[in-house]
Amino acid sequence: MNRDKHISSVFDRDLETIQAMVVKMGGMVEAAITDASTALDTRDQELADQVRRRDKAIDAMEIQINEDAARLIALRAPTATDLRMVLAVMKISASLERVGDYAKNMAKRTEVLSQMPAIAGSGMALRRMSQAVNRMLQDALDSYIRRDADLAHDVRQRDLEVDQMYNALFREFLTHMMEDPRNITPCMHLHFIAKNVERMGDHATSIAEQVVYLVTGDLPDEARPKSSSVVAPAAEDEGAQREVLHYNLEAEGFDVVMADNGEDALLLVAEEQPDLIVLDWMLPRVSGIEVCRQVKADPATRNIPIIMLSARSEEVDRVRGLETGADDYVVKPYSVVELLARLRTQLRRTRPATMGERLTFADIILDAAEHRVFRAGQTLHLGPTEFRLLSTMMEKPGRVWTREQLLDRVWGRDIYVDTRTIDVHVGRLRKALMKNGGDDPLRTVRGVGYALG
């Protein structure tokens, strides 16, 4: 008994040490955001250089936290609650490291922007946005220290305000670019910074969600709204057109991820698993045609619709694009309204049912609006995780989902959960689906993951 108490005491002490490191790391990241914003506002290159150098210490601290956390798990036999605390430490430190990287990215742009004319009003707006994100991060860390789920929920809600600030800035940059072509380059740099600040807010929100998971054992009841992801690479010499496309897609409610070249596009497709790809033919490094070929050759991505954009209007080029695997081919110059209509058409074909409607597979009906599931007319009682899991698989029956993909869709990318956790929830879902004697609709693909049907 005394030995058990001793082991528990040592575990608690070691965990407190790691948690203190996380709090210290958070303070370093908060300072990095403040200094990067100040350096940009005052065009202070020396301060920007300090931010870049200090990022190495932030990276080193994340590595140390992960090593200590892994060692703690290996040397002890933590309970489920203790394990959740250790995993939270690792995930929060990873989010902090990413925020530090975004602050470093801001600092990198200071030297470039200091040599360009200032864009009226943008500095103050960016500073307000950075301050809002820093307050979010501070409160997210406070919620972690105090185990305050209510404060964490408040942080999540404030992320919507940051998104609105970003959208307002984007419209402002677009206006400046259209008014004077000389503003295009500085506005693109400023937009890059604004996007990095917006992503900082996403990671502050992720820390808050991790706190909710730590305190309650489950994700928040209402997940942040997620819209269709679109990877939209464009040729390097079409910066203004690229920004216009980006703006219009986001204005339609899409979550847009941009790539500068074909290599990055392939990496993004693998990581993001987008609902649709808008692909420019003329890409550096790897051509759009080759990107299309590789995406359609990969079983994990072949069902993602691709809309090819190109100035090549000859029949032979259109045929080549379509035969390579593009689901639609749009010739430049194009109408944005028409492109959006084509995009929605492709999404309707691949996603016949959306949240708020009923999903049906065989004798299983999932009512997203009422959060109810029926099989053969019988009501099934599913937990929130099993409901999200079934909803994900019912969106694309027959598709084989890897454990990692299911974790990303059900828990989100910013929540650390062991991949084997999915096996437990699939087991619960399978048991619920077969409770009234029906056949097992779930298929286990050994070494890969799971599929419905």
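Only the coordinates and a few stated rules stand behind these numbers; no lab work does. These figures come from a predicted structure and were not determined experimentally. All Cβ positions, glycine included, derive from the backbone under ideal geometry; neighbour counts span all protein chains shown.
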Which is farthest toward the positive dipole end of the chain among M434, N196, G398, measuring Cα position about the Cα centre, with Cβ charges +1 (Lys, Arg) and -1 (Asp, Glu)?
-> M434
Label-point separation (nm) for E111 and A300, each offset 7 Å from Cα along Cα-to-Cβ?
-> 3.6 nm
For the stretch 51-57, Karplus couplings with θ = phi - 60° (6.51, -1.76, 1.60), whole Hz, Gly/Pro x | 4, 5, 5, 5, 4, 5, 5
5 angstrom amide H check on Y329, placed H, neighbours 5+ away | M308
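In debye, nearest 20, what is the charge dipole magnitude of the stretch 263-305 about its Cα centre with +1 on Lys and Arg Cβ and -1 on Asp and Glu Cβ, if you could check?
Working: 4 positive and 8 negative charges, 48 e Å.
The dipole of the stretch 263-305 has a size of about 220 debye.
How large is the Rg to Rh ratio of the stretch 87-172 when both quantities use alpha carbon positions and Rh follows Kirkwood? Write down the numbers at each step before the final one.
Numbers: Rg = 15.4 Å, Rh = 14.7 Å.
Dividing the radius of gyration by the Kirkwood radius yields 1.04.
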D49 label point, 7 Å along Cα→Cβ, cut-off 20 Å on backbone N: hits in the stretch 103-137?
-> 103-116
Placed amide H near R399: partners under 5 Å, 5+ positions off or other chain | L452
Using the Cα centre as the reference, give the magnitude of the dipole from point charges on the C-beta atoms of the chain (Lys, Arg: +1; Asp, Glu: -1; all else neutral), rounded to the nearest 20 debye.
-> 1200 debye
Separation in nanometres of the label points that stand 7 Å from Cα toward Cβ, at I73 and T216 | 2.4 nm
Quick one, can you get me the convex hull of the C-alpha atoms of the stretch 272-343 expressed as volume per residue in Å³?
-> 92 Å³
Of K24/K104; K332/K396; K296/K396; K24/K108; K24/K91, those spanning more than 27 Å from alpha-carbon to alpha-carbon = K332/K396
In terms of the ratio Rg/(2.2 N^0.38 Å) built on C-alpha atoms, what value belongs to the stretch 28-182?
-> 1.25
Which whole-Hz couplings ³J(HN,Hα) result when phi for each residue of the stretch 110-117 is put into the Karplus expression 6.51 cos²θ - 1.76 cosθ + 1.60, θ = phi - 60°, listed in order with x for Gly and Pro?
-> 4, 4, 5, 5, 5, 9, 10, x
What base-10 log of the normalised intensity I(q)/I(0) is obtained for the chain from the Debye formula, alpha carbons as equal point scatterers, at q = 0.08, 0.11 Å⁻¹?
-> -0.54, -1.02
Multiply the residue gap between R171 and E314 by 0.36 nm, knock off their C-alpha separation, and tell me the result in nm, one decimal place.
-> 48.0 nm
In the stretch 294-383, what GluC sites (Glu not before Pro) fall in a loop by DSSP, with at most 14 other Cβ atoms inside 10 Å?
-> E314, E370
Per the helix-only calculation at 222 nm, which mean residue ellipticity applies to the chain, given -39500 (n - 2.57) for every DSSP H run of n ≥ 4 and division by its residues, nearest 500 deg cm²/dmol?
-> -22000 deg cm²/dmol
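List the trypsin sites (Lys or Arg not before Pro) within the stretch 87-153 that DSSP assigns to loop and that have no more than 11 neighbouring Cβ atoms inside 10 Å.
Answer in residue order: no site qualifies.
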Among G383, Q294, L15 the positive-end extreme of the charge dipole of the chain (Cβ point charges) = G383
